[in-house]
Each structure stands twice: as C-alpha cells, then as structure tokens.
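Worksheet for the structure shown next.
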Amino acid sequence: MRTAVRQAPRAALIALVLLVVVWLALKGSKDGTTFLQVTLNGLSIGGLFFVVAAGFTLIFGLMRVVNMAHGSLYLFGGYLAYKAQASWFHGAASQFSLTAGNKVSVASFVVPLIYATVVIGLVGLVIQQVLLRWNQGQELRQALITIAVSVIFADQLLAHYGGIAQTINQPTSWPLSVTVGSFHYPFFRLAVVLGSAVVIGVLLYLLIKRTRFGMIVRAGVDDRAMLSAMGVNVQVVFAAAFFIGSALAGFAGVLGGAVLSVQPGYDTQLLLDALIVVIVGGMGSLGGAAIGAVLLGLVQSYSAIYLKFGSTDLTNYAILLTFILVIVVLAVRPLGLFGRPA
Amino acid sequence: MSAAARIGAAGAALRRARPTTPAAAGGWAVLAVIGVLLLLAPAIGPNVWVSQVLTQALWLGIAAVSLTFLSRYGGMISLGQVAIYGIAGFAMANVVHTINSEGGLNLGWTPWLGVLFGIAVAVFIAFLYGAVASRSYGIYFLMTTLALSLLVFYFFGQVTQLSGFGGVRDVSHPGFLGDTLTNGTPLFYVCLGASAGVYLLLRYVVRTPFGIALQGIRDDPPRMASLGYNVPLHRTLAFTLGAFVASIAGILSVWYNTQIAPGNIGIGQTLAVLIVAVIGGLSRLEGAWIGALAYTLIEWYSRSWTPTVGNWLGPGQFNTIIGIVFLLIVLLSPDGLIGIWQRLRTRVGPLLGGSPPAAPEAGRAEEAEPKQTGVSTADGSSSSEVQEA
C-alpha cells in the first residue's frame, strides 16, 4: 500500500508524458509545417532560457548563492547594448530607418553585444565582491541581499531608460530566414540564439569537464573547505565563476533584446524562467539546465498554440501548464531532474 | 515512539513553554498599552493617519506575519504569501457583487459568503502546493514559493475572465464597514481586530504540541523524523496555517483598496511583504507589524521628503529608497528593527539604570530559541551543521 502511494506520482508522470506525446504527435501529423515552426520556437526560446539559467546555476552550484538579481543583470545587459547601439552607431537604433534602407552593420550588433556582456560580468563581480563575499555560507541572507539589489536595479533601470519597450536591431546583412524546401524559419532565432546557446553549452561543458579551472570548480562544488585547505585560492575561483555567470546573463539580455524586446518587467519574467529551469532541471547542474530550458521552452510554445479544443480557446490558461510542469517534477523529484543533495 | 509517549513528551515541552516570568508579564503589558492606544487612535490621530497609514500597516502586517511565523517557527522563508492572498482576494472579488460589474464573474454572493469562499479556496490551494513544496528546504523552498507567486501573478494577468482588464473593481463588502473611502474607521477596527486575533492565534499555536514539534523540525528535520514525527505533514500544515493568515490579509487588502488587480499581487508586492517582514525582524511575530508601519511610513512620506538627484533619486522613486533600506537592514542587522531595538537595550539599558534585558531572553528560552539568530537560522541545513560542529 505504502509503495503504491509512493509510486503514484511516478506512474502519473509517465501517463502524463505519454498523453502529451500522443497529443503532440496527432497535432504534428495534421499540420507538419506549423508543428515544426512551433517546435523551433520552443527550442530557440529554450536556448535563451538556457543561457540565462546556465549562469544562474553555475553561480549556485559553486557558491550556493541564489542570485535573485540575475534577471536584473539580464535586463541591464539589454539596455546597455541598446544604448550602445543607438549612440555609437548612428541611425542603427532607429527602427523606422530600416525601411528607408539604412544598413545595420554586423559590427553595430556585435560590438554592443561584447560590450554589454563584459560590463554585466563586471557588475556581477562588483556585487559579489562588495555585498556577498563576506557573508559566504549564509544562503538566505545572500538571497535577501540580491533581492534588495534587484529592487534597486528595477527602479533605477526604469528611471534611466524609461518604460517603453525597445528593440536591439539585428544586422541587416544577415539573411532574414533559413529556407529548407518550402519551410522558412527566422535566421536570427535559429542560428544566433539557438546556435549560441548550443555553443555556450558545449564551451561550458568543456570548461567544467576538461580544464584545470573546471576541475577546481567541480571540486569546489563537492567540498569547498577541503579545496581551500589544499592551497587553491577559492576566492579567485568564486570571483571568476561569478563573472562568467553574470556575463552570460548580460549576453542573454542582448539576444533577448533582439528577439523579444527590452522593457521593464522582463527582469522578473526571465528570473522566473531561470528559476523554473533550475527547479525542473536541478540546481547547480548544467545538463539539468539544458533539459529544463528545452522543456520549459517547448511547454510554453506548444501551450500557446495548441491549447485549442474545437471552439474553446484555452491559450489564456497556458501559464497553468508551466505550473503543472513544476508541480509534477517537484512531486516526483523534489531536487529537480538532475539535482543532488547539497 | 508510541503515540502516548509522544503526547507525553510534547506535553512536557508544552508545560516548559509556559513561563509566567515577570518579563513575559511586562511584554504583555507593553502590548496591552499599544492595543489601548490603537483602540483610541481614531479619537486621537488625524483621520488620514488612521484610515490610510495605520490601516494599511495593520493588514500588511498580517500578510507579513504569516511569513514571519513560517520563518521563525518552521524555518521556511516563503515568498508565496502574496500569491495566496491574491488567490483569496480574487476568489472573493469574483463571487461577490461588484457594483460596476467591470471584470470578474460577478456572481452576486453576499460579502460574508465571499469571504469564506475566498479563504477556503486560498487555503485549499496552499495545502496542495504546500504538500509538494514542503519537501524542499531553505533556499529551495524560497525559490519554489517565489515560482508560485510569479505563476499566480501571470495567471491572473492572462486570464481576463477572472481578473477583468483593469482588475475587479468596486468589490462590495459587509454593510457595517460603510463607505470605506469617506470613513475608514470601521475598516481600521476590523484590521485591528484581525491583527490581534491573528497574533494571539499564532502565539497560541506555537505553544501547542504541533507548534513545538514544528520548531523541532525547523532545527533538525532528520532527528524529528527518526522520532516518529511526520515531517512533511507538519511543514504542510504550517504552510496551510500561514496561508490562512495570509488569506485574511488578502480579504482586508481588497476591502482597503476596494478592488484587486493583477498589479496588486505582482512581484513588487511579493517583495514588499518580504521586505516588511525582514525590516521588522524575523525573530519575533511583533516584528511584522513594526516592519509594516515602517514600510508604510516610508511609502507615505518619502514622496514629500525625497530630494531629486538627477535620474538617480526623485519623489517617484520609492522603490530605490525602500530597496536601500532593505539592503542596509539585511547587511547590518539581520534581526531587523527589533534586533536594533534589542541591541540598543543591551548597550544603553544598563547605563540608564533600567532592568537588564537578559531577563526577557531567559524567559523565552523555553520557546526553543534557534541556535543562531536572524535570517541564517531559517535555513535547516546550516543550523544542523552548527549543532554537529
């Protein structure tokens, strides 16, 4: 009886997954092109989620710091790149000038991208060195500190950049879409967002599994005190990890600013997405972040399109499916799919 | 351990937890004085002060005390309290009569039935979510409940059938409150009564066998589990009790605002309740109302005080100010204003020849004081590490 009760969530999960797969297969067989489109949408937005969540989970895995200001760093990165593009490359940031034939050079996208990534990495580093370094180990206090930082950031970003949604322009010399046969898909989403997510994932994997730095990081995740006792300067490793994690948030902010937009509220939106990704995938696990990001992206994009049954349109309730995803995973694995006890 | 032995042990703990030391009596005396002053407030203070500042501080304090209770006695810092009060508020606002019938289902139930329904729905959903979330601890619990808050916010933002386009407005309330916009005194007394009731309820609960077991679970979950206590169930029930308290705040907030919109339960409000609880001090239940008063005063008066410094600071930038206050409190005094007060008494008290403040601390020692003070205790793992060390 007890085991039956224990197994109930697992059985429910398997049944649910089967149901979803069958349902999607039915939808896919009806209209293949739309299905492919929706799937790629989910994967590319999942790629964005992955870049944000990877930084979040890297910082948490090593330092046990839940950086609640991660979403603010994402948004700040977007604004920095937007401003840089507008003021350094004349005309590039005016959306209306595009139709008049104005060119957006590759440099006017790449330079702000690098600039925002580096600056946000440094901002994160400053936050860590000034506010977090001296109360290491007090997880909740650190979470509260970063919450305070995020409150201040949200207000300051609103004051400095205003409340209007802005877009970072994509280079005009890049193709608009990728075409396979009769199927078109936006080039930027596929190649730049999804591509850079894959590249970042692979690079992080290599960094963590193949380099001396990664070896130290992995050792630090398992036993910080012992690593420190063996003569490794843990503080430098922490600082580097915080820089990389924050820089990833800034990088994602620029991509998000080009694909979606830069506007107040996206800080909490992306923080929520990153939280769900790591709750589902398991805190501190890079593979978990990848799985969680893909799952979240697909759930969001499928539920936004396919929650229509005959004439009843339930797409308004799409957010409930995200909720169900979180609940189901937590019920079966409280630490997430790839989570390990600290 | 058999059930009888467990009850026996808990009973012993309960007897120990009921000291009638002079210090405890002094504490009650202070509370009684504050209570009387508040009862007389409408006669003494200016009308705006009572109907706006104090009323908001009272219901915000109820929302915050649900968090303080969970943190102090259950070791769970929950960011889901605003989601729960939002569910209660929206559930009530949808079923009762709304005057202009703008948004919401407008089913036309009587206000009191709506109150019961709102609280019941919120408590039920919180019980279900708590059953899942109670298995995660410390920072994981914080994130899981933050996810709840954000999801509820986006849910009501998207489902306009339930939230209307600009929220559910002109929600009707029980008749004896009268017109809350012109005369806030009845609502003030309702908030005062609810605050007193919630405070006494929580003080009572933490001294019951359930409350004692909950504190044991806060300090060392594996040990309590091995003693035969159902750890997830205790945590779930604590979360549900917190939800009940939060849903009362939700009802009161709707009456205070006369409406509820998704914006009322957004991330800003979630953080506001956290900020209130932390500013006041998570170490004592009273801190919630102290924090709420401080928060409301800053919110109320910062507009006229704040100087304009370029883009950085201006009358509209209340959030920057409260964020900085919050940051300073977390950095300098994790016990909040109550912690500052207690430290002042330790330093200054003896100089003035007052009673040494060690006495009240000793009086409360049986309440199973956490090993460390303040925010860090709320984390189960760190406090158990301290024990083992």
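Just so you know, all these numbers are worked out from the coordinates, no wet-lab data involved. Small disclaimer: the values here were computed from a predicted structure and weren't measured. Heads up, the Cβs are rebuilt from the backbone with ideal geometry, glycines too, and the neighbour counts pull from every protein chain shown.
Descriptive notes on the structure:
- Peptide A:316-329, shielding by other chains (average Cβ, 10 Å cutoff): 4
- Global form of segment B:283-338, assessed from the alpha-carbon gyration tensor, a/c cut-off 1.5: oblate
- Peptides B:187-196, A:289-298 ordered by average Cβ neighbours within 10 Å, highest first: A:289-298, B:187-196
- Among the DSSP helices (H) of chain A, those spanning at least 20 angstrom by Cα along their long axis with an average Kyte-Doolittle hydropathy of 0.5 or more are A:2-30, A:32-63, A:107-127, A:139-161, A:195-210, A:234-259, A:266-281, A:286-306, A:318-332; this is a geometric and hydropathy rule only.
- When chain A is treated as a Gaussian network with alpha carbon springs shorter than 10 Å, the biggest mean-square fluctuation among A:237, A:262, A:202 belongs to A:202.
- Net dipole in debye of the protein assembly as shown [+1 Lys, Arg Cβ; -1 Asp, Glu Cβ; about Cα centre; nearest 20]: 1320 debye
- Here the Gaussian network model covers chain A, with springs between Cα atoms less than 10 Å apart; of A:22, A:332, A:151, A:22 fluctuates the most.
- Remark: mean inter-chain Cβ contacts per residue of B:319-327 equal 6, using a 10 Å Cβ-Cβ cutoff to other protein chain atoms.
- Separation of alpha-carbon centers, segment A:182-255 and segment B:298-345, rounded to whole Å: 36 Å
- Contact order relative to length of segment A:249-342, as percent, for alpha carbon pairs under 8 angstrom and 6 or more apart: 31 percent
- Prolate/oblate/rounded call for chain A, Cα gyration tensor, a/c under 1.5 rounded: oblate
- Taking a ≥ b ≥ c as the square roots of the eigenvalues of the alpha-carbon gyration tensor, segment B:249-302 is classed prolate because a/c is 1.5 or more and a/b outweighs b/c.
- What the Cα convex hull of the protein assembly as shown gives, in volume per residue, is 197 Å³.
- Of the chymotrypsin sites (Phe, Trp or Tyr not before Pro) in segment B:256-356, the ones in a loop by DSSP (not H, G, I, E or B) with at most 12 other beta carbons within 10 Å are B:312.
- Under Karplus coefficients 6.51, -1.76 and 1.60, residue-wise ³J(HN,Hα) of segment B:58-68 in Hz, glycine/proline x: 5, 6, 5, x, 5, 4, 6, 5, 5, 6, 4
- Placing +1 on the Cβ of every Lys and Arg and -1 on the Cβ of every Asp and Glu, with nothing else charged, gives segment B:136-232 a dipole about its Cα centre of roughly 240 debye.
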